[in-house]
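The values are calculated or read from the model by the stated rules, or taken from the named source; none is laboratory data. Remember, it's a predicted structure, so these values are computed and weren't measured experimentally. Quick reminder, even Gly has a Cβ in these numbers, built from the backbone with ideal geometry, and neighbours come from all protein chains shown.
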There are 2 protein chains.
Amino acid sequence: MSDTPPAPQPARRFSPQERQALYDVIAARRDVRNEFEPTPIDPKALRRVLAAAHAAPSVGFMQPWNFILVRDEGVRRSVHAAFEAANEEARAMFSDDKQADYAALKLEGILRAPLNIAVTCDRTRGGRVVLGRTHNRDMDLYSTVCAVQNLWLAARAEGIGVGWVSIFRPDDLARILKVPDHVEIVAYLCVGHVSELFKKPELAARGWRDRIDLDSLIMEDGWTGPAAAPEEDG
Amino acid sequence: MSDTPPAPQPARRFSPQERQALYDVIAARRDVRNEFEPTPIDPKALRRVLAAAHAAPSVGFMQPWNFILVRDEGVRRSVHAAFEAANEEARAMFSDDKQADYAALKLEGILRAPLNIAVTCDRTRGGRVVLGRTHNRDMDLYSTVCAVQNLWLAARAEGIGVGWVSIFRPDDLARILKVPDHVEIVAYLCVGHVSELFKKPELAARGWRDRIDLDSLIMEDGWTGPAAAPEEDG
């Protein structure tokens, strides 16, 4: 460690306009499936987006992430086939009355988006013991998710849409992308320019599920919600 | 589901200044431990920050999060004691030559910050089957982390620092905050106004670990890094 202790500096202050810009990006972000345009992504914009991801917090400053940029058509076709297989399994898990609704939803843009990005977490990057990860081994996965969210917001500000596809059997994706055992694929993202988006989350717009009232989610000094899981209805 | 299919709308475009505001917030965000000021947080700013968290993406629009605002001194003292117990265990896991460095790091601001926020994930919120979560049960935890990252950035833009404390035995925190079994505490955050911050991540400023070069983290069409975990050195 350094001999002269470093010291904090006066913190940057943000103007109301800057603050509002952040809030507007957060509010305008969408999980994109169908609105991707085929235009290749400007390399400079992509670099800024990846740099934003790399500026995410990480446990013990572990920075466990990698970004696999998938443009190859053959690789994307294999990924799409893996999605289709898993999605058939997923559809069958819904109750009969929801299966038709489910089947009508488009849930990925793997081939439509000009770029896919697999964001991975190298579970071994920090060495044997990582500061802050001693009591929760999954903190490195959470750090990687923080990087995904930074990437998502930065992309939105650049006019680039992102859709997170989670319907895969994990082993399929690892095999296709040649990802070894000590690395976990945390997110598979479809990425492309967008000029149209849904005004609210697509699943809300389509009546699948509503936004929860924020007040009902805030508690004081301890859990005050249901003490047990609700009974299952089917 | 609704009968008239909804349609996407022209997407909001962000100016270069708005984009830069986002990038500046992302770059200026820090994991704060020691710079919290005692001033209570303005309720309107806190509300904006929580609304930003609630605008995070969630698998199947599950919105599995709750926000437990912890201000009570007695509760915070119990949480602090739980941290101290876990941190003693954590310190002992480092090699002898790193233990003194580790012990010199301040790793939490539980009592110093005027507000703590536990961000939880209700694993049952979406019912028996959640869209997008059929093949990865942990997608709800990842959604909750996205909410944490939104909260963190919004707070920074408001002049509010956030520090994520991960050194707890999970059962201790659940007991103190009375969180039931079907709910997981994903993040325990210390929150307070800040006027000074480190220019770079504190663990980098203090020489604990360096920033990795972004270029070395980007791959094309498949994993091209080490095929196996590195040998352990002790």
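Some points to look at:
- Condition check for B:GLY207: more than 30 Å from A:GLY163 (Cβ to Cβ), crowded, with 22+ Cβ neighbours inside 10 Å and within 9 Å of chain A (Cβ to nearest Cβ): no
- When we screen A:ALA118, A:ALA100 for residues that are more than 7 Å from chain B (Cβ to nearest Cβ) and not in a helix (DSSP H, G or I), the only hit is A:ALA118.
- Selection status of B:ASP138, within 25 Å of A:PRO5 (Cβ to Cβ) and surrounded by fewer than 21 Cβ atoms within 10 Å (Cβ to Cβ): no
- Among the residues of region A:177-210, those that are within 19 Å of the chain's Cα centre (by Cα) and either assigned to a loop (DSSP other than H, G, I, E, B) or among the hydroxyl-bearing types (Ser, Thr, Tyr) (or both) comprise A:LEU177, A:VAL179, A:TYR188, A:VAL194, A:PHE198, A:LYS200, A:PRO201.
- Candidates A:GLY159, A:GLY222, filtered to the one that is free of Cβ contacts under 8 Å to residues at least 24 places away in the same chain and at the interface with another protein chain (Cβ under 7 Å from one of its Cβ atoms): A:GLY222
- If you go through region B:98-119 and keep only what is more than 26 Å from B:VAL148 (Cα to Cα) and either in contact with a strand residue (DSSP E or B) (Cβ under 9 Å, 6 or more places away or on another chain) or loosely packed, with under 15 Cβ neighbours inside 10 Å (or both), you end up with B:GLN99, B:ALA100, B:ASP101, B:ALA103, B:ALA104.
- Considering region B:15-46, and only residues there that are facing chain A (nearest Cβ under 8 Å), charged (D, E, K, R) and assigned to a helix (DSSP H, G or I), the residue that is nearest to the chain's Cα centre (by Cα) turns out to be B:ASP24.
- Flag if A:GLY163 is surrounded by 18 or more Cβ atoms within 10 Å (Cβ to Cβ), closer than 23 Å to A:ALA86 by Cα and either at pLDDT 95 or above or small (Gly, Ala, Ser) (or both): yes
- Hits in region A:58-97 (condition: facing chain B (nearest Cβ under 8 Å), surrounded by 14 or more Cβ atoms within 10 Å (Cβ to Cβ) and part of a helix (DSSP H, G or I)): A:VAL59, A:GLY60, A:PHE61, A:VAL75, A:ALA86, A:ALA90
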